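Notes to accompany the following structure.
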């Protein structure tokens, strides 16, 4: 089983590394947000007493890069179903939960690498972590966030056969989660209903944890962020495993 996990994990990484266009294209949107918003709204944010907007914005953009890459990894499940590649994997004499776990770990690793690349780009435009010793904790938050949303994307892809329908559902989920996660603006002064919705948003805890690890400015607490992400990730892995095991071949 461990060998199957390793093979599926390695397969996902090879797909990502070989697709240079995908690697470059997936960095375009985070870079656009960093430059356009970071420098465009930076003076306004600074005059309002918020300090450097690049510093505030970067953890949210890292989370955005992880979110988009993780959720859309589910497209590969639909792609493999449509072209018969998934059938070759499912007939292997191993539990389907192991196959799902291997694909999920691979997708989460790819999404984490995406977050690291965004962090590297942010350092080129002026972002500086306040405590380098907490960088491993930031990587842990990236990976937990990636694992959560890769499992969610896989769960949804397991019950869908239409790639266009999957993309529409993903956009319907991703954009509200991103904008209501505190990635672009502080949530402490948000109106009551918005604050309540943000508290129900899983990405909020990923953004807050990253901001705490990179800037020491967590709004709630990093242990709480880790706990919530851990519980939600476990739930999505169980749900994704059950739905993936019901795929008909």
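Taking Cα atoms, how many degrees apart are the long axis of helix 74-83 and the longest axis of the chain, rounded to 10 and kept between 0 and 90? So the inclination is approximately 30 degrees.
Spin-label model, residue 32 to residue 219: label points 7 Å out along the Cα-to-beta-carbon direction sit 2.5 nm apart. If you fit an axis through the alpha-carbon atoms of helix 20-32 and take the longest principal axis of the Cα set of the chain, what angle between them do you get, 0 to 90°, nearest 10? Around 30 degrees separate the two axes.
Here residue 94 and residue 160 are evaluated by their C-beta separation; at R0 = 30 Å the FRET efficiency comes out at 0.80. The length gained on full extension between residue 39 and residue 188, counted as 0.36 nm times the residue separation minus their Cα-Cα distance, comes to 51.4 nm. In the chain, the DSSP-assigned H stretches of four residues or longer account for a calculated mean residue ellipticity at 222 nm of -25000 deg cm²/dmol, using -39500 (n - 2.57) per stretch and the full residue count as denominator.
Look at 80, 161, 208 and count the other Cβ atoms within 10 Å of each Cβ; fewest to most, that gives 161, 80, 208.
Within the chain, the proportion of Cα pairs with more than 33 Å between them is 19 percent. Relative contact order for the chain: 27 percent, from Cα pairs under 8 Å spaced at least 6 residues apart, divided by residue count. When only alpha carbons are used to place a centre, the range 139-185 and the range 28-42 end up 22 Å from one another. Label positions at residue 196 and residue 246, each projected 7 Å from the Cα along the C-beta direction, are separated by 3.1 nm. What would the Debye formula give as log10 I(q)/I(0) at q = 0.13, 0.16, 0.17, 0.23 Å⁻¹ for the alpha-carbon point model of the range 150-249, no solvent? Rounded to two decimals, the profile gives -0.55, -0.78, -0.85, -1.18.
The angle separating the long axis of helix 202-215 from the principal Cα axis of greatest extent in the chain is about 50 degrees.
Bear in mind that the values in this text are calculations on the coordinates, not laboratory data. Just so we're clear, the structure is a prediction, and the values are computed from it rather than from any experiment. Reconstructed Cβ throughout: ideal geometry from the backbone, glycine too, with neighbour counts over all protein chains shown.
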